[in-house]
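Down below is the structure, laid out as structure tokens.
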Amino acid sequence: MSSKNKGDVRSHFGLTSLPFTREIPVERLWPHSQYQQAATELKAAVEERMSAAIISPAGTGKTVVLRALKAALPEARYRVHYVKLTDLCSRDFCKEVAVALGCSPAGYYGALVRKVQDRAQALLEQEGLRPVIILDEGHDMRPEVLAILRVLTNFEMDSRLVVSLVLAGQPSLKKTLRREELESVTRRLAHYASLRLLTRDEIRDYVRHRLSIVGADHEVFDDAAYDALYEVGQGNLRATDHLALKSMEHAFQAGHKAVGAEHVTTARTKVMP
Ligand SMILES: Nc1ncnc2c1ncn2[C@@H]1O[C@H](COP(=O)(O)OP(=O)(O)OP(=O)(O)O)[C@@H](O)[C@H]1O
Ligand SMILES: [Mg+2]
């Protein structure tokens with residue numbers, strides 16, 4: 001759909017901007033307890049100077065929880081660095097870690113690893129800003145990237161780490177974490193958070209919230225449409241986002257002011273394989 005048509009969908013439903021987009025500010029997130037609790041648990045692990053992981057299927061809200069976590073960690077105490085692990089080679093990852101620890105990412109891999117080690121040791125003594133490295137999409141982590149995680153986790157003051165790692169990934173991350181090379185990392189994972197799929201009622205609340213933050217002052221979906229959103233999207237947030245927006249486009253094209261189940265059914269063929 002062109003941006004003009006998207007603008008038409010927005011004005012057709014009387015909204016201030018397009019709903020269900022990925023760019024949702026932290027302060028406008030849906031305040032559901034499962035996401036708030038996951039962020040609180042991860043924060044508690046970091047405050048304990050431990051590491052933590054969050055594991056759940058695609059599209060269930062992990063990256064959003066990580067953004068909430070980052071926002072909740074005071075800048076005066078934590079240097080938080082977000083890294084997407086997808087397809088990152090070990091050198092690039094090492095550079096990211098160097099940046100996270102506050103040193104220059106220049107130099108060859110070997111030199112960089114030593115620099116990171118030295119810096120980690122210096123931090124042991126200084127205790128100023130505590131580095132927190134958020135590793136998103138950990139299920140795609142290349143095995144050689146694990147080596148640098150080991151380097152990071154081999155430096156310890158007591159049983160605790162100089163760096164807190166927060167690992168996020170889809171369920172195959174569990175298998176990766178069982179690898180022997182990662183034992184030093186998993187031993188210090190103080191907490192595993194997970195997110196579940198939403199119920200029928202929660203999906204309705206979620207959709208209403210996403211519409212209310214873009215100015216909806218009336219019901220955009222009728223009851224049957226909410227049911228259809230749940231049946232098709234199966235309580236998955238990302239699937240629901242795509243489906244809900246596509247359904248609104250179909251209702252707009254059909255000239256309807258409310259989205260009905262038939263629009264969700266039509267949208268289904270456009271967003272699902
Ligand atoms: N608390 C929330 N409030 C509002 N929207 C949310 C919230 N959590 C998730 N979402 C919506 O769900 C979408 C999917 O969430 P997210 O990208 O965090 O999933 P994910 O678990 O990281 O998926 P993947 O494993 O594919 O990376 C987001 O783009 C956002 O639109
Ligand atoms: Mg994600």
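None of the figures in this text is laboratory data; all of them are computed from the coordinates on show. Since the structure is predicted, the reported quantities are computational estimates derived from the model, not experimental observations. Here the Cβ is made from the backbone with ideal geometry for all residues, glycine too, and neighbour counts use every protein chain on show.
Quick notes
- Helix 109-126 and the longest principal axis of the Cα set of the chain meet at an angle near 80°.
- Considering only S172, V80, A58, and ranking their Cα positions along the charge dipole of segment 33-193 that arises from unit charges at the beta-carbon of Lys, Arg, Asp and Glu, the one farthest toward the positive end is A58.
- Taking the longest Cα principal axis of the chain as reference, the axis of helix 223-233 is set at about 40 degrees.
- Placed amide H near A190: partners under 5 Å, 5+ positions off or other chain: S51, A52
- Residues D136, D227, arranged from fewest to most other Cβ atoms within 10 angstrom of their Cβ, appear as D227, D136.
- Overall dimensions of segment 33-193 as given by Cα atoms, namely Rg and Dmax in Å: 14.5, 45
- Straight Cα distances below 27 angstrom link K174 to the lysines K43, K62, K70, K84, K95, with same-chain residues fewer than 8 positions distant left out.
- Over the chain, DSSP H runs of length four or greater, each weighted -39,500 (n - 2.57), average out per residue to a 222 nm ellipticity of -15500 deg cm²/dmol.
- The residues C89, C94, C103, when put in order of fewest to most other Cβ atoms within 10 Å, stand as C89, C103, C94.
- Ordered by the count of other Cβ atoms within 10 Å of each Cβ, fewest first, M50, M141, M248 give M50, M141, M248.
- Relative to its Kirkwood radius, the Cα radius of gyration of the chain gives an Rg/Rh of 1.06.
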